[in-house]
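The values are calculated or read from the model by the stated rules, or taken from the named source; none is laboratory data. In this text the structure is predicted, and so the values were computed from the model without any measurement. FYI the Cβ positions are ideal-geometry reconstructions off the backbone, even for glycines, and counts take in every protein chain you see. Remember, those area values only see protein heavy atoms, side chains included, never the ligands or the DNA or RNA. Shrake-Rupley method; radii C 1.70, N 1.55, O 1.52, S 1.80 Å.
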Amino acid sequence: MKQSKNGLFYILFLVFSTQAFAQTLRLEAENAVFSGGGTSPAQIRDDAACSGGKYVDTHESNLTFSFTVSEAGNYTVTAQTKSPYGDKINTFRFDGEHTKDVSFPQNNAFTEVPVVADYYFSPGTHKIEMIKSWGWILFDYLEIKPAAETSVEFDIQPPVTPQPSANATKLYQFLRDNFQQKTISGVMTLKSLATVAGNEQNEIFWLNEKTGKKPALLGLDFMDHTGAIQPDWMNNPDLVKDAIAWKNSNGVVALCWHWRDPSHKTYEFYTDRTNFDPRKIFEPASDEYKAMMRDMDIVAGYLKELQAADVPVLWRPLHEASGGWFWWGSRGAEACRKIWQIMFDKFTNEHGLNNLIWVWTSEANDNALNWYPGDNYVDIIGLDIYDEGNHGSQMLAFQELKKQYNGKKLLTLSECGSIPSITAMKRDHSVWSYYMPWYGDFTKNAAWNTVNDWIDSFTDPDVITLDDMPKDIYTSTESPQGNADEFSVSCHRRQVSIQTVSSGIYQIFLHDLNGRLCLTKSKLNGNQNFTIPASGQTCYLLRIEQNGRQTTYKIQNN
């Protein structure tokens, strides 16, 4: 979750008469009615070069344009403006629900600035507001015209993990099958599922108490699992156990990682509270690089426990990087992309994790692709939106992400404050794969979500709750080929014994729970015995691969 942004808006309105259009509509700023219903001639300036011979100085003004669409369709919206006082940013809000920040580069001539390239308007009356953020521009007119017919269509790519596990494959297919048809409900929690007392009640139990239902998706956080913690900060020591239990109830598990300072010099992850430099990812000999690798290995160990229990994970590290408020985004996009790519390679190839569906948190702006790790490293594009009391579809952001990523990736509200209405999402052809409000007040406070909002969402047939999840989603129907039924593993005093009825060749990989590879053997056949190298640990994960399939066992050195 990101830090809040504070802004001051001076609200004055320009209201235009309702009018229908079939093709291009030009709304002149000088026809405005200002705040309080009066006019403000001092802000209307003459200029023969402008449309209608006038423009509006928005030094103290927000603008609202009202109009009627006679034919539903996708439209392009542009603003004819001049920004002689430096680069500016203003917020455009459509129909009171959908917002987008628009940049106005400094210029000394009236220029057409794109607001949205492809916006769906249903028939009827609509409103577009320009709200000053860092404003003071000169506004000539707003123009609305039919969008080009080259709109992007979704063509979702296969999962990026090589040879994903059967359950990861089934979950990813479930997400694809429901995308743009239904949305999966979720919630974030930092409390164990066993915690139900008073105000410390887990969000899952709170929602069930208020609505009689549970969301399908449970969000968890590895925030306190890399050693850079004080003992009393362990918010959810049962995280792995809870994730396994949730999967066994046919639920979906989503994991993020508020990665505390890898140097252990602080316990922080916010940029303004730690000096950790992510650019050291390019210096393998540096202490910072080694610290990052150590933390990745530790987290990989927990993910292997989930893999051993056949739990697929929506894995979302390095979130909200482009905002710069977390250390992993504090020194620019290049370092962040590299950390993600190294993590992907380390988890996938070194640790053999095949139960992860990779979720990248984007921004819906022109800078987003500069931070993107690449199509070969990401399965799902997430967006984190905190807009108090706004239960709209967030269509502007949805359509922007669809265009930016060429329709190749699933789109989700990986974090949100107020949950989106499924009615609005379907109306706007912008149905997110899933939504996940943050814990605490974002879930429970009526300013963000009322109990009725939750009831309306959970009872809609197009919102998937836990009781709507397929009972066989994690039940494989594939015939076994070198799978768990063909191997039996035991361990005593560092001596591991593998018994098998398989006649095929297989290989083994032994990891400790810090993720370190302790031993590997290939071209094995029949029963095998080997000794665990001395490491001082008592618990290990053994992965057996055969015929393109793999099974992981958790073994205890008794």
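Some notes on this structure:
- The listed residues are Leu303, Leu220, and the only one of them that is in contact (Cβ under 8 Å) with a residue 12 or more places away in the chain and farther than 20 Å from Lys346 by Cβ turns out to be Leu220.
- Extreme residue, least open to solvent (accessible area, probe 1.4 Å), among residues of segment 117-138 that are closer than 23 Å to Ser51 by Cβ and of a type in the set (Gly, Ala, Ser): Gly135
- Subset of segment 260-273 that is in contact with a Ser or Thr (Cβ under 7 Å, 6 or more places away or on another chain) and closer than 15 Å to Leu318 by Cβ - its residue that is most open to solvent (accessible area, probe 1.4 Å): Thr271
- Being on the phi < 0 side of the Ramachandran plot and either surrounded by 20 or more Cβ atoms within 10 Å (Cβ to Cβ) or part of a strand (DSSP E or B) (or both) is a property that Ile156 lacks.
- Among residues of segment 173-188 that are under 14 Å from Ile473 (Cα atoms) and touching a residue at least 40 places away in the same chain (Cβ under 8 Å), those with a Cβ under 9 angstrom from a residue that is open to solvent by less than 10 Å² (accessible area, probe 1.4 Å) and among the charged types (D, E, K, R), sequence gap 6+ or separate chain, pair up as Leu175/Asp379.
- Breaking point among (1) open to solvent by 10 Å² or more (accessible area, probe 1.4 Å); (2) under 18 Å from the mean Cα position of the chain (by Cα); (3) over 27 Å from Ala168 (Cβ atoms), for Tyr372: (3)
- Residue in segment 337-351 that is under 23 Å from Thr412 (Cβ atoms), part of a loop (DSSP other than H, G, I, E, B), within 18 Å of the chain's Cα centre (by Cα) and in contact (Cβ under 8 Å) with a residue 40 or more places away in the chain present: no
Conditions (1) over 18 Å from Lys304 (Cα atoms); (2) at pLDDT 75 or above; (3) β-branched (Val, Ile, Thr); (4) part of a strand (DSSP E or B), marked per residue:
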site	(1), (2), (3), (4)
Thr520	no, yes, yes, yes
Gly526	yes, yes, no, no
Pro533	yes, yes, no, no
Gly536	yes, no, no, no
Arg543	no, yes, no, yes
Thr552	no, no, yes, yes
Asn558	yes, no, no, no
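- In segment 235-249, the residues that are closer than 14 Å to Leu303 by Cα form Cβ pairs under 7 Å with partners that are of a type in the set (Ser, Thr, Tyr) and open to solvent by 50 Å² or more (accessible area, probe 1.4 Å), at six or more places apart or across chains, as follows: Val240/Tyr302.
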